[in-house]
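See structure below.
The values are calculated or read from the model by the stated rules, or taken from the named source; none is laboratory data. Note that the coordinates shown come from a computational prediction; the quantities given were computed from them, not determined experimentally. All Cβ positions, glycine included, derive from the backbone under ideal geometry; neighbour counts span all protein chains shown.
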Amino acid sequence: MPSVFGYMGDICIYYRRGETMDDNEMKRMKLLPSLKSSIGKIRGMSGGSSDVLINEFVSGGVHCALICCEGMVSTAVITESVFEPVTGIPQQNGSAELFHYIREELLLSTDRPEVNDYGTLFRLIYSGFAVLLAEGQGSALAFGVQGYASRGIQEPSGEGSIMGAHEGFTETVRTNMSQLRRRLKSPDFVMELMCKGTKSHTDICLCYMKDRVPEELLQRIRDSLDGMRLESLLSTGYIRPFVESSRFEIFSSTGTTERPDVLCSKLIEGRVGILLDGVPYAVVIPKLFCESFQTLDDYACKPYYAAFIRWIKYAAFVVSVLLPAVYAAIVMHHPELLNSTLLLLLVEAEKKAPLSILTESVGVLLMYEMIREAGIRLPKSVGGAVSIVSGLIIGDAAVNSGLISTPLLTMTALAVMSGFVVPELDPAVTVLRFAFLAAGGIFGLFGISLLACAVLVNICATEDYGFPYTAPISPFRMKGMSDTAFRTGMKKMQDRGFTVEEYHE
């Protein structure tokens, strides 16, 4: 293990040793029967890390050692469930009978894996297990006594819902698994737990409905995950490139959600979900473009209102991407498209601005991105000052000074606000807004049309594992349009029996 903790008084020092051991080598090293030698090997591999606790004692007349990681176990649970039962074992004839007695007579923990190598031993103790070693035994017993601190279940911050549940995923993968199981009590719902990351050994959970997902799709996703050779997995962005196509895609063909109820609805449709320990988001495979305009509240209101809101979102997406570009293109290259009154207003507003419309638009959009990034990264206590300063400088001083025209600032603000309606597409929308602005400012509406064709070709060509990203629009499926262009009533949807396998090519 290259990373080591050491203590000097009350100060914890973190450093790296020069000599390391490959994880595969550790997995090949079997546990030594000699307790003293095994403890020495563990201390040497951990580099004397102060958070690895080794407690030696005698149980049933056999010398034993209980190993755990400080801060990862519950003191109350390990005392009541492990220490007291194990120290109270009657006299046994050797370590083999001791382990047999523990397996047959004591429960100690519901999660009791057996350990045969040092790689598994370190992975378990760093995951909150207590490992019991005994003199003369080439194996060890592990007990799940996790008790590390974690954030409680809270309302999702990025996917608000008025009529739906107010529970979101947390950073603990087993808590997230329990939230899904509470909502899907069917035996067809399967969760496969695996470990990835050569150094982090992060738990990953593959979730799916075995009666809805093709085995071929599952195997291809497993192969993609097995192809990862990353040392650590710290966010969903570490996984998504491996389960997506290697071709250039403007929009991501995998989705994320922080709501258990949303993930359950996707699983019922035949999707596959991936939970990552330490991340309060789940990855959804595959994702469709139309799903970015759907929310859980769409199914809690009347169908006509849900259809109205969806079309508002479609329009907001188009406005967010194209409005600054169309404004610059018309004013700079096609003023004949404007009526005389509007043209005179724009001429009056723009003649005082010292810069060209294209330069102004790019400058305002860049300033907005800087302000937004500052508001995200700054502490919350001073984050409000960003909006005050930006409002005074850009919204008032810049216009009054004549550096920026009022119509241009209005168009830019409308485009930015429209992007908030579909936050999941915000990264792609931000880049596309600049690209269309450059095309419109340089080539006019002709440039916007050419770039729009290129974007549509890229979107229509996006697919993963044979599922088109633009389905059910392209290729067109009339059955899928009942929950895309509009939303039918629940009485009709219950007989639909929809799964995304219908879109598979």
Quick one: SER405 ticks every box in (1) modelled with pLDDT of 90 or more; (2) over 20 Å from LYS313 (Cβ atoms); (3) buried (at least 18 other Cβ atoms within 10 Å of the Cβ) except a single one, so which number is it? (1)
Checking ALA353 against (1) touching a helix residue (DSSP H, G or I) at 6+ places or on another chain (Cβ under 9 Å); (2) in a helix (DSSP H, G or I); (3) small (Gly, Ala, Ser); (4) farther than 30 Å from HIS166 by Cβ, the condition it does not meet: (2)
What pairs come out if I take residues in segment 20-43 that are outside the structural domain of ILE54 (by TED's automatic domain parsing) and closer than 11 Å to GLN137 by Cβ and pair them with residues that are assigned to a helix (DSSP H, G or I) and at pLDDT below 95 whose C-beta lies under 8 Å away, six or more apart or interchain? none
Would you point out the residue of segment 214-252, among those that are of a type in the set (Gly, Ala, Ser) and within 14 Å of the chain's Cα centre (by Cα), that is surrounded by the most Cβ atoms within 10 Å (Cβ to Cβ)? SER252
In segment 445-469, how many residues are of a type outside the set (Gly, Ala, Ser) and more than 30 Å from HIS334 (Cβ to Cβ)? 7
So which residues in segment 228-248 are in a loop (DSSP other than H, G, I, E, B), touching a helix residue (DSSP H, G or I) at 6+ places or on another chain (Cβ under 6 Å) and closer than 22 Å to VAL500 by Cβ, if there are any at all? none
I need the full set of residues from segment 453-466 which are in contact (Cβ under 8 Å) with a residue 40 or more places away in the chain, in a helix (DSSP H, G or I) and not β-branched (Val, Ile, Thr), in order please. ASN458, ALA461
Counting only residues that are of a type outside the set (Phe, Trp, Tyr), over 21 Å from THR175 (Cα atoms) and part of a helix (DSSP H, G or I), how many does segment 249-295 have? 3
Of the criteria (1) under 19 Å from THR87 (Cβ atoms); (2) surrounded by fewer than 23 Cβ atoms within 10 Å (Cβ to Cβ); (3) hydrophobic (A, V, I, L, M, F, W, C), which one VAL145 fails: (2)
If the Cβ limit is 8 Å and pairs must be 6+ apart or interchain, which residue in segment 334-352 that is in contact (Cβ under 8 Å) with a residue 24 or more places away in the chain and closer than 13 Å to LEU408 by Cα pairs with which residue that is aromatic (Phe, Trp, Tyr) and part of a helix (DSSP H, G or I)? none
Based on this model, can you work out whether ALA428 counts as modelled with pLDDT of 90 or more and either in contact with a Pro (Cβ under 9 Å, 6 or more places away or on another chain) or in a helix (DSSP H, G or I) (or both)? yes
Give LEU456, LEU437 a once-over and let me know the one that is among the aliphatic types (A, V, I, L, M) and crowded, with 19+ Cβ neighbours inside 10 Å. LEU437
What's the number of the only condition in (1) at pLDDT 90 or above; (2) surrounded by fewer than 21 Cβ atoms within 10 Å (Cβ to Cβ) that LYS266 fails to meet? (2)
Would you point out the residue of segment 318-333, among those that are surrounded by fewer than 18 Cβ atoms within 10 Å (Cβ to Cβ) and in contact (Cβ under 8 Å) with a residue 40 or more places away in the chain, that is nearest to VAL362 (Cα to Cα)? MET332
Would you call LEU437 under 30 Å from GLY375 (Cβ atoms) and touching a residue at least 60 places away in the same chain (Cβ under 8 Å)? yes
